[in-house]
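> Sharing a structure here in structure tokens format.
The values are calculated or read from the model by the stated rules, or taken from the named source; none is laboratory data. Model, not experiment: these values are computed from the prediction. Note that we place each Cβ from the backbone using ideal geometry, even for glycine, and neighbour counts take in every protein chain shown.
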Amino acid sequence: MDEKLPESVDVVVLGTGLPEAILASACARAGLSVLHLDRNEYYGSDWSSFTMTMIHEVEENKVPKLSEEEVSKLSAHLSESEKLVELGNREIIENIQRTWIPRESDDVPMKEKLEKMGQMRRFSIDLVPKILVSKGNMVQTLCDSQVSHYAEFKLVNRQLCPTQDKNSENPKILLNPVPCSKGEIFQSNVLSILEKRALMKFITFCTQWSTKPTEEGRELLGEYSDRPFSEFLAQMGVTETLQSFIINTIGILQPNPTAMSGMLASCEFMDSVGHFGPSPFLFPLYGCGELSQCFCRLAAVFGSLYCLGRPVQAMVKENDRITAIIANNERINCRHVVMSPRFVPEDVPIQNVQKIERVVFATDKSIKEVEKEHLTLLNLASLRPNSTISRLIEIGFEACTAPKGHFLVHATGTQGDEKSVESLAEQIFEESQVSPYWKMSFTANSMKFDPEGAELGSNVVVAPPVDANIHYSSVIEECRKLFCSTWPDLDFLPRAIKNEEDDSEEKEASESSETA
Amino acid sequence: MLFHFMSPLALSNSYFLAFRPREEKSQPRLSTPRFSSQRTLFLTENNQKKLPFFQARHHWMEDYKYLFKVVLVGNAGVGKTCLVRKFTQGIFPPGQSATIGVDFMIKTVKVGNDKIKLQIWDTAGQERFRSITQSYYRSAHAIVLVYDVSCQPSFDCLPEWLGEIESYANRRVLKILVGNKVDKGDEREVPERIGRDFSDVNHFDYFLETSALDATNVDQLFEQVATRLTNDMKITDERVHQYRADATNSSSNQGGPIKLIDRAQTQLNSCCSRQ
């Protein structure tokens, strides 16, 4: 079964996180020979999804440093002018804590109950949960590359906006469903008639505004363009509640918006409404970890070689280039190395780190129960005004990420001096009488390195780090930039051409659609 | 003379067909193995097309009753790709190179009077180091586990493959065990009885020995897959109808289990449901 790895390839990719997978698929698609290795036995690296039975593996990421004996052994693979470079083992995910929370209401502990019913494997716990914007560049890339064949999606069909009664002493957090499409606005019962009218007016304004060129759009906003979005909305006669709805829900794609960036975000949101359904956002079935696997499948279809559970022992450097890697005591020569930030050697200085606070809860009741199960997005920005990112995503059986009747609530926040997203989530649970039975918290480190840094090697591409953004735009964009600067004469995941493998019936179908 | 004898038979057959009461055209769709109230979405490459959605034609809008996803697994070199190509294209690819560039192939078969599309997926070479993505198994209606009857190690690996199937595939997936390369008569290392026993003990739904080289049982294999899946699906469909009827009687207007196949259809449906 265990074949030998090839002696030399164009590109070695280390780690199967989403950005590495995207880059691997782009390379394979462009005709480069690719060897994709992961030292874990599972796909996704720091972007993976785990079942409840496998989640402990997230902690088992430690790799001991090479002993002197190993170094001398590996040095046998080197020529005279080469030197050995040890891979880094950066703490991308740290301070992991997992607990089963005992509850009085359970006569049998939930863990036992789930194990007994074989439900533990029905969870899909994301390390990096995000949503896809229907008309965003991720969806576009998925469609163009036909990676979309490998995944299914559901609409994130409920956007909640939290409001607090400012007059009360211990203000409760109210969760208001925000209508996104005209139909929903009409049916909404959280808005007054006046607010509905104002919201319709705003949407009409958005539609007109989005057709204007940038400069004219800026002029239309006048003096407000670089002032907070809320001031602009107030001037339009939008009430405070509705302002919060617009800024935190319709404008969710842009944290802390100015009038200009808020308008752009709102237009992007409105533009995506109705593309796949009434909501502009999609969530991948079985969790976001699926996406990296889908890109890996595309890479494999185009000849990339996959090998999980294969740690790379060291890299070989000559002058300023990495000329080979050593895995399983085999030397594999390569022209380029793509690696996740996790493996960047220890001596390369970090440019900056953004700390992301992540908490996942497992519950058996929705934070806002209605008859039908929803995929819910809740922006907590108004409750943590000084932090960039604060949000909850509640997904369950509908998205195949939890057993029937169960939910995962993902809290994501950038760290600041305010209330943590964890405590906000707990307040919401308490007020809606939800008691989570399981909790995992960790810190994700979004690390950036100086791309010009000499220590790294001129043919090393460091994939973008995990980030707290709600969508995938920046990931795709950074991957595209990296790919295009490294291989300037190759196309980044170009549109798929129908190949000969397709059966004749499909061809007929596409021909007739052209003539239609 | 032979033709003369055959033609009345053929005639009577078509006669029968012509007078069969026409069945109502059911909506083509990729059937879901499980229930859900919201449809799932498939994105299509036609996403940004210029045509209005109702003019775009997709293969799933054609006249067929079901589309099933069938995935093949098994060790490298047992002949998975050859089986698929023999069945879908009628050719036995020469050479022994590992699979490159094959994603999935589609072939339409007839089960009774229904047109059934089989979407048959190959491993894309990821089995070489046992690195198949979990997502490969997801939403498969049938899994065909293949070994080589002339290669004992490929049979010995079956429990490992079963482990993967059990961890990642739908519990109700149709499992089929196939011993391939029966044309290699003298070189056989795994007797048929041993294969059949393994299939019985491990609750496979069907066991078959095939040869992609001389076409033994290849068509029969996939026809069995189609027939069994269709029969299962018809039973589920009846239940769904019942469920839908119940659902419409109650307050829900969610439209039962929906597989979001494609933007065209999705929009069509969402427009209707949004009023």
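> May I ask you to list the residues in the stretch A:178-188 that are without any contact (Cβ under 8 Å) to a residue 24 or more places away in the chain and not in a loop (DSSP other than H, G, I, E, B)?
Within the stretch A:178-188, A:182, A:185, A:186, A:187 meet the criteria.
> I would also like to ask the following. Would you point out which residue out of A:18, A:32 is surrounded by 19 or more Cβ atoms within 10 Å (Cβ to Cβ), in contact with an Asp or Glu (Cβ under 6 Å, 6 or more places away or on another chain) and among the aliphatic types (A, V, I, L, M)?
Answer to the check: A:32.
> Sort through A:314, A:324, A:299 and tell me the only one that's part of a helix (DSSP H, G or I) and over 24 Å from residue A:52 (Cα atoms).
A:299
> Show me the strands (runs of 3 or more DSSP E) found entirely inside the stretch A:1-87 where at least 3 residues are within 14 Å of chain B (Cβ to nearest Cβ).
The qualifying strands (runs of 3 or more DSSP E) are A:34-37.
> To continue, here is another question. Give the residues of the stretch A:301-322 that are surrounded by 19 or more Cβ atoms within 10 Å (Cβ to Cβ) and farther than 13 Å from residue A:84 by Cα, sorted by residue number.
A:301, A:302, A:304, A:305, A:306, A:307, A:308, A:310, listed by residue number.
> Still on this structure, please answer the following. In the stretch A:298-316, what count of residues is obtained for those that are facing another protein chain (nearest Cβ under 7 Å) and at positive phi?
Counting residues in the stretch A:298-316 that are facing another protein chain (nearest Cβ under 7 Å) and at positive phi gives 1.
> Touching a strand residue (DSSP E or B) at 6+ places or on another chain (Cβ under 7 Å) and under 30 Å from residue A:111 (Cα atoms): is that true of residue A:49 in this structure?
Yes; evaluated as a whole, the condition is true for this residue.
> Just one of the numbered conditions (1) modelled with pLDDT under 95; (2) buried (at least 19 other Cβ atoms within 10 Å of the Cβ); (3) touching a strand residue (DSSP E or B) at 6+ places or on another chain (Cβ under 7 Å) is not true of residue B:148; which one?
(1)
> What number of residues within the stretch A:327-347 satisfy the criterion of being assigned to a strand (DSSP E or B) and more than 26 Å from residue A:467 (Cα to Cα)?
Residues meeting the conditions: 7.
> Part of a loop (DSSP other than H, G, I, E, B), within 23 Å of residue A:26 (Cα to Cα) and within 18 Å of the chain's Cα centre (by Cα) - does that describe any residue in the stretch A:470-477?
Yes, the stretch A:470-477 has at least one match.
> Residues to consider are A:191, A:199, A:175; find the one that is aliphatic (A, V, I, L, M), more than 14 Å from chain B (Cβ to nearest Cβ) and assigned to a loop (DSSP other than H, G, I, E, B).
A:191
> Looking at the structure I just gave you, is residue B:172 surrounded by fewer than 23 Cβ atoms within 10 Å (Cβ to Cβ) and away from chain A (no Cβ under 13 Å)?
yes
> With the structure loaded, tell me whether residue A:386 is modelled with pLDDT of 95 or more, more than 14 Å from chain B (Cβ to nearest Cβ), more than 19 Å from residue A:127 (Cα to Cα) and not in a helix (DSSP H, G or I) or whether it fails that test.
no
> Moving on to the next point. Do you know which residues across the stretch A:104-161 are at the interface with chain B (Cβ under 10 Å from one of its Cβ atoms), in a loop (DSSP other than H, G, I, E, B) and out of contact with any strand residue (DSSP E or B) (no Cβ under 7 Å at 6 or more places or on another chain)?
Of everything in the stretch A:104-161, those that are at the interface with chain B (Cβ under 10 Å from one of its Cβ atoms), in a loop (DSSP other than H, G, I, E, B) and out of contact with any strand residue (DSSP E or B) (no Cβ under 7 Å at 6 or more places or on another chain) turn out to be A:118, A:135, A:146, A:157.
> Restricting the stretch A:265-297 to residues that are surrounded by 24 or more Cβ atoms within 10 Å (Cβ to Cβ) and among the small types (Gly, Ala, Ser), which is farthest from the other protein chains (Cβ to nearest Cβ)?
Once the filter is applied, the top-ranked residue is A:266.
> How many residues are touching a helix residue (DSSP H, G or I) at 6+ places or on another chain (Cβ under 8 Å) and at pLDDT below 95 when one looks only at the stretch A:97-106?
The qualifying residues number 2.
> Give just the number: which of (1) farther than 19 Å from residue A:155 by Cβ; (2) modelled with pLDDT under 90; (3) not assigned by TED's automatic domain parsing to the domain that holds residue A:73; (4) not hydroxyl-bearing (Ser, Thr, Tyr) does residue A:328 not satisfy?
It is condition (3) that residue A:328 fails.
> How many residues, within the stretch A:464-496, are more than 17 Å from residue A:20 (Cβ to Cβ) and within 14 Å of chain B (Cβ to nearest Cβ)?
3
> Out of all the residues in the stretch A:323-343, which are of a type in the set (Val, Ile, Thr) and surrounded by fewer than 23 Cβ atoms within 10 Å (Cβ to Cβ)?
Once the filter is applied, which keeps residues that are of a type in the set (Val, Ile, Thr) and surrounded by fewer than 23 Cβ atoms within 10 Å (Cβ to Cβ), the stretch A:323-343 yields A:323, A:326, A:332.
> Filter the stretch A:456-494 for residues that are outside the structural domain of residue A:299 (by TED's automatic domain parsing), modelled with pLDDT under 95 and surrounded by 20 or more Cβ atoms within 10 Å (Cβ to Cβ) and give the result.
A:493
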